[in-house]
Amino acid sequence: MRTNALVLAAALAALAGSARAEEPREGARERWEKLSPQEKEAVRERWRAFRALPPERQAEMRERLERFRSLPPEEQERIRRNHEAFQRLPPREQREILDRYARFREMSPERRADVREVLRRILEAPPRERQRYLDNLRRWRDMSPQERERMRDSYRERRGR
């Protein structure tokens with residue numbers, strides 16, 4: 001899972017360069033010339049990783065790149081900031097996020113919509129209420145599976161009354 005995400009990020013970066021090679025973009029040569037030898041080698045490595053992918057995966061990534069390029073500049077910048085923030089996380093946290101995202105993708109469309117709605121409400125909540133939710137979430141994650149099950153049972157009992 002993490003490997004796919006890392007290959008995706010690397011390939012998107014390489015693809016940006018490869019797409020520029022196929023469709024020359026303004027200033028591409030100048031940007032390349034400004035790169036250090038180490039940066040040029042990193043781009044070459046990402047390109048090789050991209051080229052090693054199956055053709056259908058390459059096509060999928062090209063589509064994603066085009067979709068990214070079609071976004072408004074503000075949205076592109078938001079995505080870049082999120083990616084940079086993700087890259088600064090420790091590997092353990094990156095894995096957790098990727099695992100959660102994989103579970104999210106496995107949910108039914110209805111369940112995903114429910115999760116999005118809950119997250120939207122949390123983000124729009126006043127700071128105190130949002131903090132209370134985050135504190136509860138932290139406690140929940142710290143519980144053992146048995147403790148979680150006891151909490152679920154307790155909740156069901158209260159709700160059933």
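The values are calculated or read from the model by the stated rules, or taken from the named source; none is laboratory data. On a predicted model such as this, the values are computed, not experimentally measured, just so you know. FYI the Cβ positions are ideal-geometry reconstructions off the backbone, even for glycines, and counts take in every protein chain you see.
What about residue 55, is it free of Cβ contacts under 8 Å to residues at least 12 places away in the same chain and either touching an Asp or Glu at 6+ places or on another chain (Cβ under 7 Å) or farther than 24 Å from residue 29 by Cβ (or both)?
Yes, satisfied.
If only one of 85, 102 is under 30 Å from residue 29 (Cα atoms) and either surrounded by 10 or more Cβ atoms within 10 Å (Cβ to Cβ) or modelled with pLDDT under 95 (or both), which one is it?
85
Looking only at region 42-58, count every residue that is assigned to a loop (DSSP other than H, G, I, E, B) and surrounded by fewer than 15 Cβ atoms within 10 Å (Cβ to Cβ) and tell me the total.
Of the residues in region 42-58, 2 are assigned to a loop (DSSP other than H, G, I, E, B) and surrounded by fewer than 15 Cβ atoms within 10 Å (Cβ to Cβ).
Among helices (runs of 4 or more DSSP H) lying entirely in region 59-151, which contain 3 or more residues that are among the polar types (S, T, N, Q) and under 25 Å from residue 47 (Cα atoms)?
73-88
Can you tell which of 8, 65, 35 is within 30 Å of residue 141 (Cβ to Cβ), surrounded by 10 or more Cβ atoms within 10 Å (Cβ to Cβ), hydrophobic (A, V, I, L, M, F, W, C) and at pLDDT below 95?
Selected residue: 8, the only one of 8, 65, 35 that is within 30 Å of residue 141 (Cβ to Cβ), surrounded by 10 or more Cβ atoms within 10 Å (Cβ to Cβ), hydrophobic (A, V, I, L, M, F, W, C) and at pLDDT below 95.
List, please: which pairs have Cβ atoms under 9 Å, are six or more places apart or on different chains, and start with a residue in region 123-142 that is closer than 21 Å to residue 96 by Cβ and end with one that is exposed (fewer than 10 other Cβ atoms within 10 Å of the Cβ) and modelled with pLDDT of 90 or more?
Pairs found: 130/124.
Restricting to region 139-151, name every residue that is at pLDDT 90 or above and loosely packed, with under 10 Cβ neighbours inside 10 Å.
Listed by number, the residues that qualify are 142, 144, 145, 146.
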